[in-house]
Amino acid sequence: MFVHYKDYRCPICGMYTEHLSSHLVLHHLNPTRKLLLERDLAILAKEAGNTKILYDPNLNLRSEEISQIKEYIKKL
């Protein structure tokens, strides 16, 4: 699967990914709540045009999670 699907945009969420097959399995076939939250926050931040929402104390995000979300934003 890795050989056949490289450097594609996900048809479900629009995220660019190096390996579409892995992305589909990880995020869409068997997603965890954390992955869904990070992806959704990335979409919200991208649409808002800034990442201020990630620093909201109510979200209680760790710096590693914020970094991961920022990586997702780059792929959108």
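Could you pull the Cα extents of the chain along its three principal axes, largest to smallest, in whole Å?
Its Cα atoms span 42, 24, 19 Å along the three principal axes.
Project the alpha carbons of the range 32-76 onto their principal axes and report the range along each, largest first, in whole Å.
23, 22, 15
Grab the DSSP H runs of the chain that are 4 residues or longer, score each as -39,500 (n - 2.57), total them, divide by all residues and round the 222 nm result to the nearest 500 deg cm²/dmol.
That calculation yields -13000 deg cm²/dmol at 222 nm.
What are the residues whose amide H is under 5 Å from the amide H of TYR8, where those residues sit 5 or more places off or on another chain and H is modelled from the backbone?
Here THR17, LEU20 satisfy the definition.
With 10 angstrom as the radius, rank THR32, THR17, THR51 by how many other C-beta atoms surround their C-beta, starting from the fewest.
Placing the least packed residue first, the sequence is THR32, THR51, THR17.
If I model a spin label as a point 7 Å beyond the Cα along the Cα-Cβ vector, how far apart are those points for SER67 and LEU35 in nm?
2.1 nm
I need the phi-derived Karplus couplings for the range 39-45: 6.51 cos²θ - 1.76 cosθ + 1.60, θ = phi - 60°, integer Hz, Gly and Pro marked x.
5, 5, 5, 5, 5, 4, 5
Using the Karplus curve 6.51 cos²θ - 1.76 cosθ + 1.60 with θ = phi - 60°, work out ³J(HN,Hα) for each residue of the range 57-67 in order, rounded to whole Hz, and write x for Gly and Pro.
x, 5, 7, 6, 8, 7, 4, 5, 5, 4, 4
Read-outs: derived from the displayed coordinates by stated rules, not from any lab. As the structure is a prediction and not an experimental result, all values here were calculated from the model. When we count neighbours, we look across all protein chains shown, and the Cβ atoms used for this are built from the backbone with ideal geometry, even at glycine.
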